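Please treat every number below as a calculation from the coordinates, not as lab data. Predicted model, so just to flag it, every value in this text is computed and none were measured. Cβ coordinates were reconstructed from backbone atoms using ideal geometry, including for glycine residues, and neighbour counts include every protein chain displayed.
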Amino acid sequence: MKKYLVLADGSVYEGEGFGSEKETVGELVFTTGMCGYIETLTDPSYAGQIVIQTFPLIGNYGIIPEDFEGESLLKGYVVREYCETPSNFRCEETLNAYLKEKDIPAIAGVDTRALTRRIRNHGVINAGLFNTVPEDLSILKNYAVTGVVNAATCRHIETFPAEGEEKRHVTLIDCGLKKNIVRELCRHGCTVKVVPSTSSAEEILKEPVDGIMISNGPGDPGENTALIQTLRQIVGKKPVFGICLGHQLMALAMGGTTYKMKFGHRGVNQPVKDLETGRTYITSQNHGYAVDADSLRGIGTEAFVNANDGTCEGMRYPGYDCLTVQFHPEACSGPKDCGFLFDTFMKMMEEKHA
């Protein structure tokens, strides 16, 4: 069946529809990963967005549930070509079948390179996937990504046991977490208690807890006013490690500011420079907002910057036992260059516990 990708500026791209037959509206973004489309589809940080895969062939190794990172909350999916006959010994179903099950509409056969160039020049733009081209585009122009952390967070507390010897207890605030964060903490000997983003400071600090982790998640960090206030009550009481949205939320809790980027960083090939050592790491990222490091002068120290555009990629808060990073040290799919940051977090907890 024909499908139409319509942008808020009136641009129309005709292609072949697959997945769900429904129509949808979302914020159009692109991701540059050459692999890892399963992790992209199941990353809750894409809530409210229509995702373009810049790599031209998607679906060639099918769908592998073991590799899921979370719930599929994206609004739509755009690819150059999708594979109807995947080949992988772990494959359990096709991309098309999975998208039908999750009620996610998709389009193939469009020029994803041209779309990506358009977003890079124009900035993030609202778009919709339609079965016929609509005459009224007001639904596109008025769309905004809101309430997505509340949609992505868990509803109940869940505990995951440490692998091997139990070393520490970590409370993980779920803003739309990727499961590999939990896996990495467990591998490091942590028993992990995952709590909803709506939890109070008292619930989060309830014993036993040696450290607090704030997860990744979708949307505008400034929208989460209650959680930001909760983080103000937590910081300094236990070691804190924030990833992605967690990095942004902590910056706001410490009195800093964030801003929306032109088209964000989404992919597994973002270079990040460690300002202490001068070393550059290749990282996995998925975010559309950034922390203004200048707004935190005298409060925090910028620890990492993006080697391409100089945006803030990490903060340390001296005296608060708090480290936050914009990128994903637990990356799946993606480089493992920064996995050592989990060791850093373990050391922070050990020193506090000593």
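Report the residue, chosen from Asn126, Asn269, Asn142, that carries the largest GNM mean-square fluctuation when the chain is represented by alpha-carbon nodes joined by springs under 10 Å. Taking springs between Cα atoms under 10 Å, the residue moving most is Asn142. For Phe30, the amide hydrogen comes within under 5 Å of the amide hydrogens of Ile52, counting only partners 5 or more places away or on other chains and with H modelled in the peptide plane. Derived value for segment 2-145: Kirkwood hydrodynamic radius 15.0 Å. Basis is the mean of 1/r over every pair of different alpha-carbon atoms. The phi torsions of segment 153-158, fed into the Karplus equation with coefficients 6.51, -1.76 and 1.60 and a -60° offset, translate into couplings of 6, 6, 9, 9, 6, 9 Hz, rounded to whole numbers, with Gly and Pro shown as x.
Note on segment 154-260: antiparallel DSSP beta bridges, both residues inside, total approximately 15 percent of the bridges counted. Residues whose amide H falls under 5 Å from that of Thr257, counting only those 5 or more places apart or on a different chain, are Asp292, Ser295, with hydrogens built in the peptide plane.
Between segment 180-228 and segment 145-163, the C-alpha centres lie 9 angstrom from each other.
What percentage of all Cα-Cα pairs in the chain are separated by more than 26 Å? The answer is 48 percent, as a whole percent. Each Lys and Arg Cβ is given +1 and each Asp and Glu Cβ -1; about its Cα centre, the chain then shows a dipole of about 540 debye.
Residues within the reach of a label modelled at Asn269 (point 7 angstrom out along Cα to beta-carbon, backbone nitrogen below 20 Å), restricted to segment 18-34, are 29-34.
A Gaussian network model of the chain, with springs between Cα atoms under 10 Å, assigns the largest mean-square fluctuation among Thr277, Thr42, Thr32 to Thr277. In order along segment 185-190, phi translates into HN-Hα couplings of 4, 5, 4, 8, x, 9 Hz, rounded to whole numbers, per the Karplus curve 6.51 cos²θ - 1.76 cosθ + 1.60 with θ = phi - 60° and x for Gly and Pro. Across segment 237-335, how large is the tail of the calculated P(r) beyond 20 Å, expressed as a percent of all Cα pairs? Every Cα pair in segment 237-335 considered, those over 20 Å come to 30 percent.
Take every pair of alpha-carbon atoms less than 8 Å apart whose residues are at least six positions apart; their mean separation over the length of the chain yields a relative contact order of 15 percent. Helix content alone sets the calculated 222 nm mean residue ellipticity of the chain: runs of n ≥ 4 DSSP H residues at -39500 (n - 2.57) each, divided across all residues, give -6000 deg cm²/dmol. Coupling constants for segment 271-284 follow from the phi torsions by the Karplus curve (6.51 cos²θ - 1.76 cosθ + 1.60, θ = phi - 60°), and in residue order they are x, 10, 9, 7, 6, 7, 9, x, 7, 10, 10, 9, 10, 9 Hz; glycine and proline get x. Build a GNM of the chain with springs between Cα atoms under 10 Å apart, and of Ala47, Ala97, Ala290 the one that fluctuates most is Ala97.
Under the simplified labelling scheme, the Arg232-Glu166 pair shows an inter-label distance of 3.5 nm, with each label point 7 Å from Cα along Cα→Cβ. Quick check: the angle from helix 112-122's long axis to the longest principal axis of the chain, C-alpha only, nearest 10 degrees? Roughly 60 degrees, rounded to the nearest 10. Taking the square roots of five times each eigenvalue of the Cα gyration tensor of segment 149-353, the equivalent ellipsoid has semi-axes of 23, 19, 17 Å, listed largest first.
Taking amide H positions as modeled 1.01 Å from N, with prolines and chain starts lacking one, the residues under 5 Å from Met213 and 5 or more places away or on another chain are Thr171, Leu172, Ile173, Phe241. Sorted from longest to shortest, the spans of the Cα atoms of segment 188-267 along the three principal axes equal 42, 27, 20 Å. For the pair Thr280 and Lys262, the difference between a 0.36 nm per residue extended length and the Cα-Cα distance amounts to 4.1 nm.
Picking from Val195, Val209, His169, whose Cα lies most toward the positive end of the charge dipole for segment 149-353 (charges on Cβ: Lys, Arg +1; Asp, Glu -1)? Sorting the options by dipole projection puts first Val195.
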